[in-house]
Amino acid sequence: MSSSTPLVKTSVNNSLGDYPLIDADPHFNRVVGYMRPSDYGVIGLATAALPAGICFAEWVDPIKGKFARPSPKFLRVATMLGFAVGFGAAYGRSSLRFFGVTENAREYKKDEAEMTARKAAGLEPYGTSTLTPELQEIAAKNSAFSVAALFIFPWFNFVNHPYHGREQK
């Protein structure tokens, strides 16, 4: 199977929005680590909203003719689903800041400081990987901008690779 055009390790810093590009394919740990308190609020709100919505629906239109507290099983499942939806929304919000779609001044400064510290320590800017360069390229092609379809098919980048769409100074 032949490969299409190879990825360029350092390409032009093309942002998807009005703000600077931080990373076109951020690692899962970086996305979660750069989340803002408002992102955690989204997770908490979604986690609480789904079970509360079930209780509200039971209160508005009771199944047995009078209000009865929903089964703890249903509430646990609703809480778990609410957390998953909230985490997906928060992950997407954080990723959009990496892509430069939304305001990202705080993340940009944090990234610059992190990359400067890694270079001063003699480390690779985006970490080292045990995978071959070919597999790193495949992983980068599969996960770059995958957050655009996060709610259709969740796909996260768990591979350290040099393909991030941004030149390191």
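To keep it simple, each residue is scored yes or no on (1) assigned to a helix (DSSP H, G or I); (2) charged (D, E, K, R); (3) touching a helix residue (DSSP H, G or I) at 6+ places or on another chain (Cβ under 6 Å).
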| position | (1), (2), (3) |
| --- | --- |
| Leu45 | yes, no, no |
| Ala52 | yes, no, no |
| Cys55 | yes, no, no |
| Gly65 | no, no, no |
| Pro70 | no, no, yes |
| Arg76 | yes, yes, no |
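When Val77 is tested against (1) free of Cβ contacts under 8 Å to residues at least 24 places away in the same chain; (2) under 30 Å from Pro125 (Cβ atoms), exactly one condition is not met: (2). Counting residues in region 97-107 that are without any contact (Cβ under 8 Å) to a residue 60 or more places away in the chain, of a type in the set (Lys, Arg), in contact with a Lys or Arg (Cβ under 9 Å, 6 or more places away or on another chain) and under 17 Å from Asn29 (Cβ atoms) gives zero. For residues in region 108-145 being among the polar types (S, T, N, Q) and touching a residue at least 12 places away in the same chain (Cβ under 8 Å), which is surrounded by the most Cβ atoms within 10 Å (Cβ to Cβ)? Looking at residues that are among the polar types (S, T, N, Q) and touching a residue at least 12 places away in the same chain (Cβ under 8 Å), I get Ser143.
Examine region 18-27 for a residue that is part of a helix (DSSP H, G or I) and modelled with pLDDT under 95, and state whether such a residue exists. Within region 18-27 (the criterion being part of a helix (DSSP H, G or I) and modelled with pLDDT under 95), the answer is no, since none of the residues qualifies.
The residues in region 92-120 that are closer than 21 Å to Pro154 by Cα and part of a helix (DSSP H, G or I) can be counted, and the count is 8.
The values are calculated or read from the model by the stated rules, or taken from the named source; none is laboratory data. Just so it is clear, the model here is predicted, and its values are computed rather than measured. Glycine also receives a Cβ, built like all others from the backbone with ideal geometry; neighbour counts cover every protein chain displayed.
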